[in-house]
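Remarks on the structure that follows.
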């Protein structure tokens, strides 16, 4: 009786729990969006909401115009796809919805090193 | 052996139900005093006519000096006491404890302990912080409520099984009733 009680709390490498706070998720979302678009994180805003137990992310950022072409909608799609994939796999949370709001235009700086 | 199980059953019942002996003793004493007074007064009044007259006068005087509102108040009070006694007699008076026999030991466990154990294991199985799980123990059922983390699905079967396993370890085979909240918290 005692052995069954003790066993379960030591599943895995050891007792303890890894918690990811909301703040960390927000910073992670900012970083993923920055990597996907090249926009600095201080120009991006992220908001999370719960949608029936799933995660809904809203990204507000200026759209970056560079020489790669592509319509704004395509850029949005690209960001959404990348975000779903990268953020989902890094945070372990399945993102149900990604809303993207472009609230400005940002010119890619010419001659930057990337 | 059957002797000890009988003893266990009595002890367990005593530990899981609140005693009525104090109220029973008080009620009996009050009843005895009132009946004794009635008996003595009745006999005295039957024998002694002068006493009967003074007693009647005194009682009507008491009612007059008290006034209607006081009489009503006392009546209400007595009714409440009567209802209270009736409820004490009828209700089972269960304490928030569960008792079980484990081998040669009779175990009495507070419901709070059972609920805490179930909630702890449920939180572990659901992968949520302990403060996102609450559990309450009813007479023969454990209700576990889990607030999920947004974007992380809760394996309901595993959580229920884990909580039920904990209940089994604690010596109680109460079924677990799991409820996962619709809205999760972002964490």
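Between residue B:75 and residue A:45, the simple label model (points 7 Å from Cα in the Cβ direction) yields a spacing of 7.0 nm. Kirkwood analysis of the protein assembly as shown, using all unique Cα-Cα pairs, places the hydrodynamic radius at 26.6 Å.
Measuring r between the beta carbons of residue A:99 and residue B:155 and using R0 = 25 Å, the FRET efficiency lands at 0.30. Ranked by how many other Cβ atoms sit within 10 Å of their own Cβ, fewest first, the residues B:57, B:95 fall in the order B:57, B:95. Each part reduced to its alpha carbon centroid, segment A:13-28 and segment B:110-187 end up 21 Å apart. What the Cβ-Cβ distance of residue B:108 and residue A:52 gives, at R0 = 51 Å and to the nearest 0.05, is a FRET efficiency of 0.75. Stretching residue B:26 away from residue B:47 to a fully extended chain increases their span by 4.4 nm, per 0.36 nm per residue minus the current alpha-carbon distance. Estimated at 0.36 nm per residue, the fully extended path between residue B:40 and residue B:13 surpasses their Cα-Cα distance by 5.6 nm.
Taken residue by residue and averaged, Cβ atoms of other chains lying within 10 Å of the Cβ of A:52-63 number 3.
Taking the Cα atoms only, what angle lies between the long axis of helix B:111-126 and the longest principal axis of chain B, rounded to 10 degrees? It is inclined by approximately 20 degrees. Take each residue of peptide B:73-80, count the partner chain Cβ atoms within 10 Å of its Cβ, and average: the result is 0. Taking 0.36 nm per residue of separation and subtracting the Cα-Cα distance, full extension of the segment from residue A:66 to residue A:89 would add 5.5 nm. Could you grab the relative contact order for segment B:72-171? Cα pairs under 8 Å, six or more apart, rounded to a whole percent. Across segment B:72-171, relative contact order equals 23 percent.
A short reminder: the numbers here are calculations on the coordinates, not readings from a lab. Computed from a predicted model, the values in this text were never measured in an experiment. So basically every Cβ, Gly included, is an ideal-geometry build from the backbone, and we count neighbours across all protein chains shown.
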